[in-house]
Structures are given as structure tokens and as C-alpha cells.
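The values are calculated or read from the model by the stated rules, or taken from the named source; none is laboratory data. Nothing here was measured: the structure is a model prediction, and the numbers come from that model. We place every Cβ from the backbone using ideal geometry, glycine too, and count neighbours over all the protein chains shown. Please note that ligands, DNA and RNA were not included when accessible areas were found on the heavy atoms of the full protein model with its side chains. Shrake-Rupley method; radii C 1.70, N 1.55, O 1.52, S 1.80 Å.
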Amino acid sequence: MTAHQRNFPTPIDPVRLDRLAQVAVKVGLRLQPGQDLLVTAPTLALPLVRKIAEHAYKAGAGLVTSIFSDEAVTLSRYQFAQDHSFDRAAGWLYDGMSKAFAANTARLAIVGDDPMLLSGQDPAKVARASKANSVAYKPALEKIVTFDINWNIVAYPGPSWARQVFPDDEEDVAVAKLADAIFAASRVNGDDPIAAWDKHNAMLRSRTEWLNGQRFSALHYSGPGTDLTIGLADGHEWEGGASTARNGITCNANIPTEEVFTTPHARRVEGHVVSSKPLSYQGSLIDNIAVKFEEGRIVQAKASRGEEVLNKVLDTDEGARRLGEVALVPHSSPISKSGLLFFNTLFDENAACHIALGQCYSKCFVNGDRLTPEQIAAQGGNKSLIHIDWMIGSDQIDIDGIHADGRHVPVFRKGEWA
Ligand code: ZN
Ligand code: ZN
């Protein structure tokens with residue numbers, strides 16, 4: 001198909017875009033009447049933000065506030081800012097967000113920027129800016145991580161992102177293709193996307209119920225380049241699909257989502273593991289990661305590309321070298337089947353089993369919302385300024401669950417549920 005054969009003024013189908021906005025508000029956030037909403041988005045996602053505002057107010061939203069970022073504005077800083085700019089962040093903005101979340105404001109984040117936006121910039125400056133941002137963002141991010149309020153991330157097909165995923169196509173065609181891929185993965189192709197999500201959530205719930213019944217003490221991964229034992233945190237709980245925030249609202253934080261996930265033990269991870277997909281981290285690509293764990297800590301890290309960025313990330317703080325999440329995703333997931341590399345964690349993490357460096361999720365503990373940070377740490381939960389998912393799953397990975405008595409139970413064979 002060529003660009004001039006389409007019927008829409010943009011290459012993005014407005015019907016499915018409207019359904020995506022509806023799913024974000026009704027499934028992703030389950031926004032309550034009277035509840036305020038904070039939307040953060042790139043300027044290129046304006047058509048989706050407008051649709052989301054419409055559905056939010058129809059659902060009874062109190063006040064919808066949108067905050068935009070912009071690719072060109074971000075790049076201006078790297079081109080023209082004085083050196084000291086890179087140690088600064090808009091702390092006042094994050095303090096305001098933190099206040100809003102404390103007052104039960106829901107949070108919606110739209111992703112869609114060029115995943116390689118910062119790849120040509122000085123890695124030292126990128127790392128400094130990222131660290132300053134992590135520190136300033138902490139009070140707001142904590143309320144997201146501890147799931148105080150209902151929040152959701154959805155994606156919009158930005159043109160630079162689309163060209164990264166479909167490098168051989170004209171921009172319009174690439175955007176149309178990425179839009180199709182986002183709509184399919186977000187389950188908005190059918191007439192009743194809300195019912196489709198109810199069904200999907202029920203399937204994910206059956207997986208988490210099985211895993212929670214097993215109460216494994218560890219998982220063992222084997223495959224090419226990988227021989228890894230991940231101890232699970234004491235009192236860990238598997239989560240997946242919809243879950244309930246501390247404000248009592250049950251929502252789907254990620255659209256799309258295919259994973260079931262829990263908290264590994266920060267001090268009980270041993271062995272080697274290699275990444276199965278490149279990691280796109282704040283505009284840099286980190287490829288062919290190979291790490292070695294001892295007593296939960298990464299003691300050796302290599303990458304064929306982006307090794308410098310990887311090592312800077314690992315040096316963020318003590319918890320950056322330890323795991324905060326382990327997630328299971330079958331190789332046959334729709335995103336995996338698309339065969340695309342999205343260069344975006346929201347999608348790529350749902351194509352494969354993954355682990356995350358850094359901060360754990362307190363909700364992935366039995367009675368997690370009642371545990372203090374000290375109790376979570378004592379049970380093996382990790383603490384860090386970062387949380388970065390990277391993919392280790394493929395059709396060649398076998399996973400066993402290990403019970404406390406040493407008994408092994410097959411969990412995955414050749415990348416699929418056993
Ligand atoms: Zn995950
Ligand atoms: Zn994660």
C-alpha cells in the first residue's frame with residue numbers, strides 16, 4: 001500500500017485510537033467519578049491526549065491536567081545548555097505530582113517518543129541528567145511504585161519511533177504499521193475492547209493463582225548462555241493483569257500487558273544470564289548484555305553495544321546491581337508473535353520473560369501494602385532509584401520452579417508454559 005491510498009487525514013485509524021483512549025480510561029485507570037487525572041505525554045501524542053480527556057470527563061473526572069514533553073525541546077538542552085544544567089531537574093514539578101498523588105489523583109503516562117532520541121549525545125551528560133531526574137522524581141515515583149493510586153501507561157505511534165521500528169518504510173506507512181501493532185497489542189481491534197480485556201485479565205489471574213499456590217522458593221533458568229537461579233523473596237506474591245491499588249481501585253497499570261511477575265530475593269541470585277533482546281534505555285541501545293550474579297549482586301557486566309551506559313546504570317546506587325522483578329511471558333504472546341522489536345520496554349517486555357534491575361514492587365508481597373520498607377528489605381525486596389527491565393526469554397529457555405525441599409517443577413519449556 002502507498003501513502004496516498006489511505007482514507008484518513010492521518011495514517012492512524014481514528015476508530016481504534018478512540019477505543020485505545022477508552023481502554024486507557026476504563027481498563028487502564030478505571031477512573032472514578034470525581035477523581036482528578038494527571039496526563040504526561042509527548043507533544044506528538046496530542047490526538048490521543050484529547051481523546052483521553054474526552055473519555056475521562058465522560059467518566060466523571062474532576063479535573064484533567066496534561067503536561068507535555070517535546071523531542072526538540074529535549075534535544076535543545078544537549079545542544080545549547082551550560083554544563084551545570086545536566087545536574088538539574090524540575091523538582092518543583094515532581095513535588096507537585098507527589099502532592100497530587102497524595103490527594104488521590106490518577107496518573108496516565110503516554111509513551112511515543114523516539115527511543116533513540118539521545119543516542120547521539122554525550123553519555124556522561126545523559127547519565128547525569130538521568131540521575132538528577134531520578135533523584136527529583138523519587139517522591140512522586142515512590143507513590144507509583146508502592147501503587148498508592150491507580151495509574152496506567154499507554155503508547156502512541158510517534159513518527160521517529162515508527163521509523164525506528166520500520167526503517168524501510170516511508171514515514172506515513174511506518175506510522176500506520178506501528179499504530180496497527182500498538183492497537184493489536186492493546187487489544188482494541190474488536191468492537192468491545194472492554195470485554196476483551198476482562199477475558200485477558202481472567203487468563204492472567206489463572207496463571208498467578210497457580211504460581212501463588214506453588215510457593216516456589218526459587219526459579220532456575222537454563223538456555224544458551226544462561227544458567228541462572230533466582231531466589232524468590234520471602235512472602236512474595238505473583239501479580240499479573242489487573243490489580244488493586246492502595247486507594248482501592250482495580251486497574252491495569254500497563255496497556256499492553258502479557259506478564260505475570262513477582263519479587264526476587266535481592267541477595268539470592270546466582271549464575272549467568274544473557275539478554276535476548278536489545279534494551280533501549282533513555283535513548284541509548286544496550287545490546288547482548290551478559291552478567292554474572294553472586295549472592296544477588298551483579299559482579300560482572302558486559303554488552304556488545306552500550307556497555308559504558310550499562311555500567312553507569314549499574315553504578316547508580318547499591319540496589320542497581322540487584323534484581324527487583326522477575327516476570328514470565330510465553331514466547332507465543334501476541335507481541336512476540338508480531339516479531340517486531342519495538343525499542344520500548346512497555347512492548348518488548350511483554351514479548352519475553354524478563355528481569356528488572358533495581359527497585360522492587362511492594363505489591364508483589366503477601367499483604368505488601370501493610371509492610372514497612374524495612375520489612376520489605378528483610379524479606380528480600382530490593383531498593384534502588386532505578387527499575388529497568390531487560391529481556392532474557394526466548395523459545396530456547398526452560399524454567400523450573402524449585403520448592404524449599406529441593407523438588408523441581410517444570411514451569412516453562414522452550415519458552416512456553418509447561
Ligand atoms: Zn515486568
Ligand atoms: Zn518492570
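In table form, for the structure just shown:
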{"quantity": "Principal axis dimensions, largest first and in whole angstrom, of region 36-134 by Cα", "calculated": "45, 28, 17"}
{"quantity": "Candidate lysines for bridging to K131, where Cα separation is under 28 Å - those fewer than 8 sequence places away on the same chain excluded", "calculated": "K99, K143, K277, K292, K302, K312, K363, K383"}
{"quantity": "Tail fraction, Cα-Cα pairs, region 298-344, threshold 17 Å, whole percent", "calculated": "57"}
{"quantity": "Surrounding net charge for P159, when Lys and Arg each add one and Asp and Glu each subtract one, Cβ distance under 9 Å", "calculated": "-2"}
{"quantity": "Cα Rg, Dmax (largest Cα-Cα span) when computed across region 354-398, Å", "calculated": "13.1, 39"}
{"quantity": "Region 90-198 - Kirkwood radius from inverse mean 1/r over Cα pairs (Å)", "calculated": "16.6"}
{"quantity": "Residue-normalised accessible area of the chain, given per residue in Å² at a 1.4 Å probe", "calculated": "42"}
{"quantity": "DSSP beta bridges in the chain [antiparallel fraction, %, rounded to 5]", "calculated": "75"}
{"quantity": "Equivalent ellipsoid semi-axes - Cα gyration tensor, the chain, angstrom", "calculated": "31, 25, 24"}
{"quantity": "Solvent-accessible area, 1.4 Å probe, carbon plus sulfur percent, for the chain", "calculated": "51"}
{"quantity": "Under 19 Å from K177, Cα to Cα: lysines that are on another chain or at least 8 residues apart", "calculated": "K337"}
{"quantity": "Cα centroid of region 277-310 to Cα centroid of region 139-190, whole Å", "calculated": "24"}
{"quantity": "Largest to smallest principal axis extent of the C-alpha atoms in region 3-185, angstrom", "calculated": "50, 44, 22"}
{"quantity": "Lysines with Cα under 17 Å of K199, excluding same-chain neighbours fewer than 8 positions away", "calculated": "K26"}
{"quantity": "Candidates A106, A320, A81, ranked by Gaussian network fluctuation over the chain, Cα under 10 Å, top entry", "calculated": "A81"}
